[in-house]
Amino acid sequence: MISSTDKLTLATLRANANVGYLTAEQGSNLASEGFILVNPAVVSPDNPHAFFCQLTQTGIDTVDEKETKFTPEPISMSQFPISADVPVPVKIKRESSPKTSKYPFDLLEINQSFHVPVSDECPEPWKTVASNVGAANRRYEEPDPSGEIVATTRRKLVKDADGKPVKGADNKRVYEVISTQEPKKIQTRKFIGRRVDTDDPNGPGCRVFRIL
């Protein structure tokens, strides 16, 4: 395989009417590959260790050879016909499907409730359902028409570098308090969850009430 240095040497000879002077180090590989002919009887006037060399036809073809580039086949006009004067249609906005909950929050009327029992899959439903109650309450928040800005305090779960909840010395999850200024919101529906025991008609578990 011809090296980049040999390619440069060939190109230099080609640019100099296919002839030049090369040392044994510069021309030995090219001569053995048949790219040049060396005449050791003719020595360079500038370097006694360089001899007259001439490109062979193989050398000339190697320099002049151009890289073949891939040319894609033209697309058939019958496959993609070109049209004129077709107006750009109005962009259709794809409506995303609303997130649904397996719990019947949307069906509850004020003072109604539903029960989530203790089970092998959900041994502590009062903890599992808590996030769903919070999400349902947020779904039924609307901006106050007054546009008033109020100070809001929220709790944010602290997580470690791996994204896992951080627990304190009491083995409970750690939260940080975040204070922000936000537009005032009004609650159109309000839900609360309560842990219940055997005194509940459906037994131990969590009961979720709609109170607004």
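The values are calculated or read from the model by the stated rules, or taken from the named source; none is laboratory data. These numbers were taken from a predicted model, which means no experiment stands behind them. Because the Cβ atoms are built from the backbone with ideal geometry, glycine has one as well, and the counts that use them run over all protein chains shown.
Residue-level analysis places E67 outside the set of residues that are at pLDDT 90 or above and acidic (D, E). Taking the criterion of being of a type in the set (S, T, Y) and at pLDDT 90 or above, the residues of region 13-31 that qualify are Y21, T23. Does A136 count as out of contact with any helix residue (DSSP H, G or I) (no Cβ under 7 Å at 6 or more places or on another chain) and on the phi < 0 side of the Ramachandran plot? No; evaluated as a whole, the condition is false for this residue. Taking the numbered list (1) hydrophobic (A, V, I, L, M, F, W, C); (2) in a loop (DSSP other than H, G, I, E, B); (3) not assigned by TED's automatic domain parsing to the domain that holds E124 in turn, L212 passes all entries but (3).
Within region 92-127, restricting attention to residues that are under 22 Å from L212 (Cα atoms) and of a type in the set (V, I, T), the residue that is modelled with the lowest pLDDT is T100. Summed over region 121-153, residues that are over 12 Å from I186 (Cα atoms) and assigned to a loop (DSSP other than H, G, I, E, B) total 4.
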